[in-house]
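Chemist: The structure that follows is given in the form of structure tokens.
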Amino acid sequence: MSLSMQKMWISIVAMILLALAMLTIYISRFKLKKGFLKIITAFTAWALMIAGGLLMLLVVLTGPTG
């Protein structure tokens, strides 16, 4: 697989992680009431957001491919 295709798949994974982060933070804030589950979903959302952001940063900072 070429470097360009690898970067494409990494960016798609990063976008999916960011979308999952949006979904889990929405569930945590508006659908769940007080409790341990709310804390777990919020933590999961932050972890997904950080992972997706770092992957996207990797794709952007490595520059264009040949």
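Chemist: Kindly evaluate Thr65 against the criterion of being at pLDDT 95 or above and of a type in the set (Ser, Thr, Tyr).
Modeler: No.
Chemist: So which of Ile39, Ile25, Ile10 is more than 17 Å from the chain's Cα centre (by Cα) and aliphatic (A, V, I, L, M)?
Modeler: Among Ile39, Ile25, Ile10, only Ile39 is more than 17 Å from the chain's Cα centre (by Cα) and aliphatic (A, V, I, L, M).
Chemist: Sticking with this one: Being modelled with pLDDT of 95 or more and among the polar types (S, T, N, Q), is that true of even one residue in the range 2-12?
Modeler: yes
Chemist: For the range 16-62, give me each residue that is more than 29 Å from Gln6 (Cα to Cα) and either among the hydrophobic types (A, V, I, L, M, F, W, C) or in contact with a helix residue (DSSP H, G or I) (Cβ under 6 Å, 6 or more places away or on another chain) (or both).
Modeler: Those that are more than 29 Å from Gln6 (Cα to Cα) and either among the hydrophobic types (A, V, I, L, M, F, W, C) or in contact with a helix residue (DSSP H, G or I) (Cβ under 6 Å, 6 or more places away or on another chain) (or both): Ile27, Ser28, Phe30, Leu32, Phe36, Leu37, Lys38, Ile39, Ile40, Thr41, Ala42.
Chemist: Is it the case, given these coordinates, that Leu37 is surrounded by 11 or more Cβ atoms within 10 Å (Cβ to Cβ), assigned to a helix (DSSP H, G or I) and at pLDDT 95 or above?
Modeler: Taking the combined requirement at face value, the residue does not satisfy it.
Chemist: Right, next: Just checking, which of Ala42, Ala51, Ala19 is surrounded by 14 or more Cβ atoms within 10 Å (Cβ to Cβ), part of a helix (DSSP H, G or I) and without any contact (Cβ under 8 Å) to a residue 24 or more places away in the chain?
Modeler: Testing whether each residue is surrounded by 14 or more Cβ atoms within 10 Å (Cβ to Cβ), part of a helix (DSSP H, G or I) and without any contact (Cβ under 8 Å) to a residue 24 or more places away in the chain leaves just Ala42.
The values are calculated or read from the model by the stated rules, or taken from the named source; none is laboratory data. Being a predicted model, the structure only gives us computed values, none of them experimental. We place every Cβ from the backbone using ideal geometry, glycine too, and count neighbours over all the protein chains shown.
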